[in-house]
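The values are calculated or read from the model by the stated rules, or taken from the named source; none is laboratory data. Computed from a predicted model, the values in this text were never measured in an experiment. In this analysis, Cβ positions are derived from the backbone assuming ideal geometry, glycine residues included, and neighbour counts consider all displayed protein chains. Heads up: the accessible areas ignore ligands, DNA and RNA and are worked out on the full protein's heavy atoms, side chains in. Shrake-Rupley method; radii C 1.70, N 1.55, O 1.52, S 1.80 Å.
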Amino acid sequence: MADRMRIQLFRGDITGHRADAIVNAANSSLLGGGGVDGAIHRKGGEAILEECRELRASHYGGGLPAGQAVATTAGKLPARWVIHTVGPVYSEAEDRSAVLASCFTESLRVADGLGAESVAFPAISTGVYRWPLEDAARIAARALRTAEARVARVDLVLFDEAALAAFRRAFGTT
Ligand code: APR
C-alpha cells in the first residue's frame, strides 16, 4: 500500500515555495499571462518560456487543453520543475468540475513521471477564471485525497486569507 500522500496548506507566494515541482495555473497558450502564471514567468525567467514555446511547437500546436498538464524547467525558481496546467473557466451553465479535478490528478501524474517527491499547487481557476473558492477547494480536496500517486508531499499555497480559509474548511483543518 503506497504511503498516504501528506497534504499541507500554506499562505504565501508559490514562486518562493520550496518543492520539487510547483504547479502553474496557466492558459492554453502556455505563453504566460497574469496572476500566478505571470509571477512564475516573471521570477522564473526566460528559460521557462523557451521550453513552453518548444512544447507549443512540438506537441501542443493548438495549445494545452484545459485539464491537462505538462512540465518545464523552473528556471530561477527554488523548484526543479514547473508543471503547467490549464484550469477550466467557471461556468454557471456547464459543470466543469471534472476538468478542474483533472488539473490536480494530471499534475500529479506528470510529477510522478518526473520523480518529483513534493508538489505545490495554487488555487487553480479561482482568480481570472472566476471559480468560487469554496467549490474549487472542495474539488481540490476530493481530487487530491483520492489520487493514486507516488508523490509523498502535496502543498496547497494560498495567496490570501480568503483562499486559505476556504481550503482549510474543505480539507477539514482548523
Ligand atoms: N502564488 C500563489 N497563488 C497566487 C499567486 C502567487 N504568486 N498569484 C495569484 N495567486 C492565486 C490567486 O489569488 C488565485 O487564488 O492563484 C489563484 C489562481 O488565480 P489566477 O492566477 O488568476 O489563475 P486562474 O484563475 O486559473 O486563471 C488563469 O489567468 O493569469 C492568467 O495566464 C493565466 O489565462 C490564465 C488565467
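Expressed as a whole percentage, what fraction of the accessible surface of the stretch 27-89 belongs to carbon and sulfur atoms when a 1.4 Å probe is rolled over the protein heavy atoms? List each step's numbers first, then the result.
Numbers: 1390 of 2770 Å².
Carbon with sulfur: 50 percent of the solvent-accessible area.
Return the FRET efficiency for the residue pair V128, E94: r is the Cβ-Cβ distance, R0 is 22 Å, and the value is rounded to the nearest 0.05.
Details: r = 18 Å, r/R0 = 0.81.
Approximately 0.75, to the nearest 0.05.
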How many angstrom lie between the Cα centre of the stretch 21-82 and the Cα centre of the stretch 111-174?
19
Label-point separation, E46 to R80 (7 Å along Cα→Cβ), nm:
2.6
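Averaged per residue, what accessible surface does the chain expose to a 1.4 Å probe, in Å²?
On the way: 8390 Å² over 174 residues.
Ligands and nucleic acids excluded, the result is 48 Å² per residue.
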Dimensionless Rg over Rh [the chain; C-alpha; Kirkwood]
0.93
